[in-house]
Amino acid sequence: MCLGIPGEVVEILTDRQDLAKVDVCGVRRAINIGLLADEDVRPGDWVLIHVGFALSKIDEEEAQAALDFLEGLGKAYQDEMDALRDSRID
């Protein structure tokens, strides 16, 4: 099962404007935000992530609702979070 997971943009990488450091439930990793070039993505924004790409900007309320739903999925969500933790950046 493939999931779209909400994450909060922490930083836009200065050397790669198409990459942002994003926090997903305490795990930080670089995400490609190039698909949202027209969206003016900034630190503090929430994005929906799938396979390393931000697909859309979402608001914090929508992000929390999605996280609550995903946690309810149990093992599929936990497997996705474990994979994300394994790929984290500092």
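The values are calculated or read from the model by the stated rules, or taken from the named source; none is laboratory data. All figures in this text were calculated on a predicted structure; none of them were measured in a lab. So basically every Cβ, Gly included, is an ideal-geometry build from the backbone, and we count neighbours across all protein chains shown.
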#### Entry: Considering residues of segment 32-77 that are touching a helix residue (DSSP H, G or I) at 6+ places or on another chain (Cβ under 8 Å) and among the aromatic types (Phe, Trp, Tyr) only, the residue modelled with the lowest pLDDT
Tyr77
#### Entry: Lone unmet requirement of (1) loosely packed, with under 11 Cβ neighbours inside 10 Å; (2) in contact with a strand residue (DSSP E or B) (Cβ under 7 Å, 6 or more places away or on another chain); (3) acidic (Asp, Glu) for Glu61
(2)
### Task
Kindly indicate whether any position in segment 21-38 is assigned to a strand (DSSP E or B), touching a residue at least 40 places away in the same chain (Cβ under 8 Å) and β-branched (Val, Ile, Thr).
yes
### Summary
Glu11 vs (1) under 10 Å from the mean Cα position of the chain (by Cα); (2) farther than 22 Å from Gly74 by Cα; (3) not small (Gly, Ala, Ser): all pass except (1)
#### Entry: Options Asp40, Asp23, Asp15, Asp45: the member that is on the phi > 0 side of the Ramachandran plot and of a type outside the set (Gly, Ala, Ser)
Asp40
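What are the residues in segment 1-20 that are of a type in the set (D, E, K, R), assigned to a loop (DSSP other than H, G, I, E, B) and either touching a residue at least 24 places away in the same chain (Cβ under 8 Å) or within 17 Å of Ala63 (Cα to Cα) (or both), if any?
Keep residues of segment 1-20 that are of a type in the set (D, E, K, R), which gives 8, 11, 15-16, 18.
Add one more test, that the residue is assigned to a loop (DSSP other than H, G, I, E, B), and what stays is 15-16, 18.
Correct list: empty.
Does Ala83 satisfy the criteria of being assigned to a helix (DSSP H, G or I) and either among the polar types (S, T, N, Q) or out of contact with any Cys (no Cβ under 7 Å at 6 or more places or on another chain) (or both)?
Details: assigned to a helix (DSSP H, G or I): yes; either among the polar types (S, T, N, Q) or out of contact with any Cys (no Cβ under 7 Å at 6 or more places or on another chain) (or both): yes.
Here the answer is yes, as Ala83 does meet what is asked.
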### Message
Checking the structure you have, find out if any residue of segment 63-76 is touching a residue at least 12 places away in the same chain (Cβ under 8 Å) and assigned to a strand (DSSP E or B).
### Response
no
### Task
Give segment 25-42 a look and list any residue that's surrounded by fewer than 12 Cβ atoms within 10 Å (Cβ to Cβ) and closer than 13 Å to Glu8 by Cβ, or say none.
Gly26, Arg42
### Summary
Note on segment 43-58: residues surrounded by 14 or more Cβ atoms within 10 Å (Cβ to Cβ) and part of a loop (DSSP other than H, G, I, E, B) are Asp45
